[in-house]
Every structure is written in structure tokens, then in C-alpha cells.
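Accompanying notes for the structure given below.
The values are calculated or read from the model by the stated rules, or taken from the named source; none is laboratory data. Just so we're clear, the structure is a prediction, and the values are computed from it rather than from any experiment. Cβ atoms come from the backbone with ideal geometry, glycine included; neighbour counts cover every protein chain shown.
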Amino acid sequence: MRVGVFDSGLGGLTVLNRALDILPEENFLYYADVDHVPYGEKTREQIVDYVDSAVGYMVDEGCKAIVIACNTATSAGVDFLRKKYDFLPIIGIEPAVKPAVLHFSKGKRVLVIATPITVQGEKLKKLIETYDKDNIVDKAALSELVNFAEKGIFDTDIIVPYLHDALKDYNPEDYGVLVLGCTHFNFFKDSFRIVMPDTEIIDGSTGSAAYLKTRMEEEGLLATKADSSPHEEKVIYVESGRVVTDKKELEKIDKLCKRWRELN
Ligand code: DGL
């Protein structure tokens with residue numbers, strides 16, 4: 001049985017790669033909802049519908065646990081999903097506000113960036129209320145980075161000017177830590193390092209993968225060496241319900257995974 005990892009598009013590959021590192025015996029199914037990306041500009045109702053059908057697909061394929069590797073889908077739909085699919089662990093991802101405030105702010109402010117849906121959502125509001133006792137957290141919605149990532153545009157000559165403009169209201173020197181609250185943003189760490197050179201940059205992929213492992217241990221779901229067969233694909237990629245077999249598309253995914261490894 002596989003572990004399902006879901007994202008609206010390619011951003012969740014960053015969580016998948018962390019999970020591959022810490023759960024080497026597991027096989028995965030990665031589901032990208034390419035027909036509907038970007039989620040950040042859809043309504044909450046639409047997102048719940050899309051993610052419900054993706055999780056339904058993964059359940060039908062026999063996935064034993066599911067990671068919603070998308071902050072936006074977690075914000076809009078994880079409560080609904082946990083009620084509907086209460087027979088298997090569903091792990092969500094939320095901006096890493098807690099470690100940012102408690103460990104990384106270095107006496108300065110914290111900037112959380114995410115999609116508009118995540119930034120406006122109740123979940124992020126509650127998370128900030130819980131940990132931001134000194135009012136040091138600011139949040140900003142960046143809507144274009146998801147589109148850049150899906151189009152394969154990572155060139156710092158294009159991304160850095162975009163970030164300078166999108167973040168012009170935030171003085172980099174005021175911020176001890178930048179929280180990447182969208183899994184697609186993880187692919188732009190090189191540009192963020194140019195725009196905010198003295199700011200720590202953190203994302204939630206390690207935390208989510210670690211939590212997946214903990215939940216699988218608790219539920220007795222971990223695969224052993226004996227379960228794995230050399231004939232099985234380590235990862236099956238699915239795009240909006242269609243298994244990816246096209247060599248070019250698989251190469252694109254592979255290239256992106258390599259890019260992310262180089263950035264981390
Ligand atoms: N990777 C998704 C996230 O973490 C991107 C959402 C989108 O499709 O806009 O929020």
C-alpha cells in the first residue's frame with residue numbers, strides 16, 4: 001500500500017522528497033491537480049470539491065495515509081477531509097509559524113508569505129493568535145509564484161524584481177525569519193536569499209514529513225523491507241486522475257526534484 005501525497009501542482013514534490021528521505025521503505029503516489037492549479041485564487045468551496053475528488057482517487061487506489069502537501073488545500077479543506085475519510089490518517093501542512101516565533105525570529109519580526117486563500121484563512125489567523133504573543137508576525141499574499149513554478153520559470157532575473165515589487169511594503173532588515181507558507185515557494189529560495197539576505201528562510205516540508213512518520217508509527221502503518229518489491233515503482237505520478245507515463249513530463253518532475261535538492 002502506498003502513501004498518497006497531494007498538491008494542486010508541483011509544490012508538494014518538496015514534501016514528497018523529504019518523505020522519501022525519512023521513509024525509505026515506503027512507496028508513494030503523488031497526485032498533482034494540474035487541471036485546477038492555482039488553488040490560491042479559487043473559492044474555498046471549489047478547493048474542497050477538487051481536493052475531495054483527489055483524495056477519493058487516492059483512497060480508491062488503496063493509499064494507507066495521505067499528506068495534503070498544500071497549505072491552501074489544508075486551509076480550505078483538511079477538516080472536511082478528516083471527517084469524511086476518518087478511517088485513514090490525513091496529514092496537512094500549515095505555515096511554520098510556531099518554530100519561526102519561538103526559535104528563529106532573533107528579536108526581529110516574522111514574515112509569513114502564502115497564497116491569498118491561506119493568508120485570509122481562519123486557520124492561519126488562529127495559528128498566529130496562538131503563538132504571536134508579542135505581535136511580531138506579519139503576513140503577505142503572493143499570488144504569482146505558483147504560476148511561475150508551474151511554468152518552470154525560476155530565473156532570478158525574473159523572480160527577484162517580482163519579489164522586490166510584491167514585498168515593497170516590508171523592509172527586509174526588520175525580519176529575522178521568512179516563513180514560506182506555500183509549498184511552491186520552496187523552489188524560489190535562491191531568489192528569496194537575494195531579496196532578504198540576512199533573513200532565515202524556513203518551510204514546513206520537514207515538519208510535515210516528520211509528522212507523517214510519527215502518525216504512521218502510531219497507526220502501525222510503516223512498511224518494512226520485506227514489504228517492498230524491486231518491481232514496484234517507488235513513486236507513481238498522477239495528474240488530475242491520469243497516471244503520468246509521458247517521458248518528457250516525468251523528466252520535468254525529476255528536474256524539479258533535483259532543483260529543490262540543490263537549494264536545500
Ligand atoms: N502548493 C500550494 C500551497 O502550498 C499552492 C496553492 C495554489 O495552487 O495556489 O499553498
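Within the stretch 144-166, the set of residues being buried (at least 16 other Cβ atoms within 10 Å of the Cβ) and either within 11 Å of the ligand (Cβ to nearest atom) or without any contact (Cβ under 8 Å) to a residue 12 or more places away in the chain (or both) comprises LEU145, VAL146, ALA149, GLU150. Return a yes/no flag: does the stretch 22-42 have any residue that is within 17 Å of GLY92 (Cβ to Cβ), modelled with pLDDT under 95 and within 11 Å of the ligand (Cβ to nearest atom). Among the residues of the stretch 22-42, at least one is within 17 Å of GLY92 (Cβ to Cβ), modelled with pLDDT under 95 and within 11 Å of the ligand (Cβ to nearest atom), which makes the answer yes. Can ALA210 be described as touching a residue at least 12 places away in the same chain (Cβ under 8 Å), within 20 Å of TYR30 (Cβ to Cβ) and under 14 Å from the mean Cα position of the chain (by Cα)? Against the criterion (touching a residue at least 12 places away in the same chain (Cβ under 8 Å), within 20 Å of TYR30 (Cβ to Cβ) and under 14 Å from the mean Cα position of the chain (by Cα)), ALA210 qualifies. Listed here are the helices (runs of 4 or more DSSP H) enclosed by the stretch 96-154 that have at least 3 residues being more than 14 Å from SER75 (Cα to Cα) and in contact with a Pro (Cβ under 9 Å, 6 or more places away or on another chain): 145-150.
Whether a residue is in contact with a helix residue (DSSP H, G or I) (Cβ under 6 Å, 6 or more places away or on another chain), over 30 Å from GLU249 (Cα atoms), touching a residue at least 24 places away in the same chain (Cβ under 8 Å) and surrounded by fewer than 21 Cβ atoms within 10 Å (Cβ to Cβ) was assessed, and LYS123 passes this test. Listed by position, the strands (runs of 3 or more DSSP E) enclosed by the stretch 165-261 that each have at least 3 residues that are aliphatic (A, V, I, L, M), modelled with pLDDT of 95 or more and under 30 Å from SER53 (Cβ atoms) are 235-239.
Apart from one condition, LYS106 fits all of (1) among the charged types (D, E, K, R); (2) more than 16 Å from the ligand (Cβ to nearest atom); (3) under 19 Å from the mean Cα position of the chain (by Cα); the exception is (3). Do you know which residues across the stretch 66-104 are over 22 Å from GLU122 (Cα atoms) and surrounded by 23 or more Cβ atoms within 10 Å (Cβ to Cβ)? ILE66, the sole residue that qualifies.
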